[in-house]
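Report on the following structure.
The values are calculated or read from the model by the stated rules, or taken from the named source; none is laboratory data. Remember, it's a predicted structure, so these values are computed and weren't measured experimentally. Cβ placement follows ideal geometry from the backbone for every residue including glycine, while neighbour counts extend to all protein chains displayed. In case anyone asks, the SASA skips ligands and DNA or RNA and just uses the protein heavy atoms, side chains included. Shrake-Rupley method; radii C 1.70, N 1.55, O 1.52, S 1.80 Å.
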Amino acid sequence: MGILDRFKTQPKWKASDPAVRAAGVQEIPEDEQDLLAAIVREDDDPRVRRAAVSKLSTVAVLADTLGRDADEGVRDEAAGVLLDIALGAYEADEAASLAALDALGALPAAAAQKHFVLVAKTAQRESICRAALGRLGGDQKALGTVCRRAEIDAVRMAASRA
């Protein structure tokens, strides 16, 4: 490293202070998914990883984070982003929404069921609603909730017949 390299400014997400790194992650453009994924995998501080997860849209990285991160807050953030993708909030394509729905299946059974009900009731695509409905199994309470509250008529009918 040359003497001039010491005077170059580093991006905030490389700072030694975790609070500064977390703030710096918010400045990273969302199209820098590889950089955000690297931060999620490598940073020691959960606040920084949580900030990076909130900007991720890569289902595979989010699913990996959901299954492997040591911090519950980071895992919860990953589950929340996956839920948003499944619901269609990020204008994800159908394949990404289905992959996000599959990744949510890795949650503990009660949490996964809760997410499946929410997706079945409110997802923007009927195919995603039906896929979530199929994951509810024979849970009559969950099916009843979908039957009463689903936004898509065909999904309500399918829940009533299940």
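For region 59-117, which fully contained helices (runs of 4 or more DSSP H) count at least 3 residues that are closer than 28 Å to Gln140 by Cβ?
Details: elements: 59-68, 72-87, 94-104.
Ranges flagged: 72-87, 94-104.
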Name the pairs whose Cβ atoms lie under 7 Å apart, with the first residue in region 134-162 and at negative phi, the second outside any helix (DSSP H, G or I), and 6 or more positions between them or separate chains? Arg135/Gly105; Ala142/Leu136; Leu143/Leu136; Leu143/Ala162; Arg156/Ala150; Ala159/Ala150
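Being in contact with a His (Cβ under 9 Å, 6 or more places away or on another chain) and farther than 30 Å from Asp44 by Cα: is that true of Ala123 here?
For Ala123, the condition - in contact with a His (Cβ under 9 Å, 6 or more places away or on another chain) and farther than 30 Å from Asp44 by Cα - is not met.
Have a look at Ala92, Ala79, Ala162 and point out the one that is modelled with pLDDT of 95 or more and either touching a helix residue (DSSP H, G or I) at 6+ places or on another chain (Cβ under 6 Å) or under 18 Å from Gln33 (Cα atoms) (or both).
Details: Ala92 fails: modelled with pLDDT of 95 or more; Ala162 fails: modelled with pLDDT of 95 or more.
On inspection, the qualifying residue turns out to be Ala79.
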Mind checking which residues of region 149-162 are closer than 15 Å to Ala123 by Cα, open to solvent by 50 Å² or more (accessible area, probe 1.4 Å) and part of a helix (DSSP H, G or I)? Arg149, Asp153, Arg156
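Does Asp64 meet the test of being out of contact with any Pro (no Cβ under 8 Å at 6 or more places or on another chain) and loosely packed, with under 13 Cβ neighbours inside 10 Å? Before the answer, list the steps.
Numbers: out of contact with any Pro (no Cβ under 8 Å at 6 or more places or on another chain): yes; loosely packed, with under 13 Cβ neighbours inside 10 Å: no.
Against the criterion (out of contact with any Pro (no Cβ under 8 Å at 6 or more places or on another chain) and loosely packed, with under 13 Cβ neighbours inside 10 Å), Asp64 does not qualify.
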The residue from Glu91, Glu42, Glu72, Glu27 that alone is open to solvent by 80 Å² or more (accessible area, probe 1.4 Å) and on the phi > 0 side of the Ramachandran plot is Glu91
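Give region 118-148 a look and list any residue that's part of a loop (DSSP other than H, G, I, E, B), closer than 15 Å to Leu83 by Cα and open to solvent by 20 Å² or more (accessible area, probe 1.4 Å), or say none.
Narrowing region 118-148 to residues part of a loop (DSSP other than H, G, I, E, B): 123-125, 135-139.
Remaining after also requiring closer than 15 Å to Leu83 by Cα: 123-125, 135.
Of everything in region 118-148, those that are part of a loop (DSSP other than H, G, I, E, B), closer than 15 Å to Leu83 by Cα and open to solvent by 20 Å² or more (accessible area, probe 1.4 Å) turn out to be Gln124, Arg125, Arg135.
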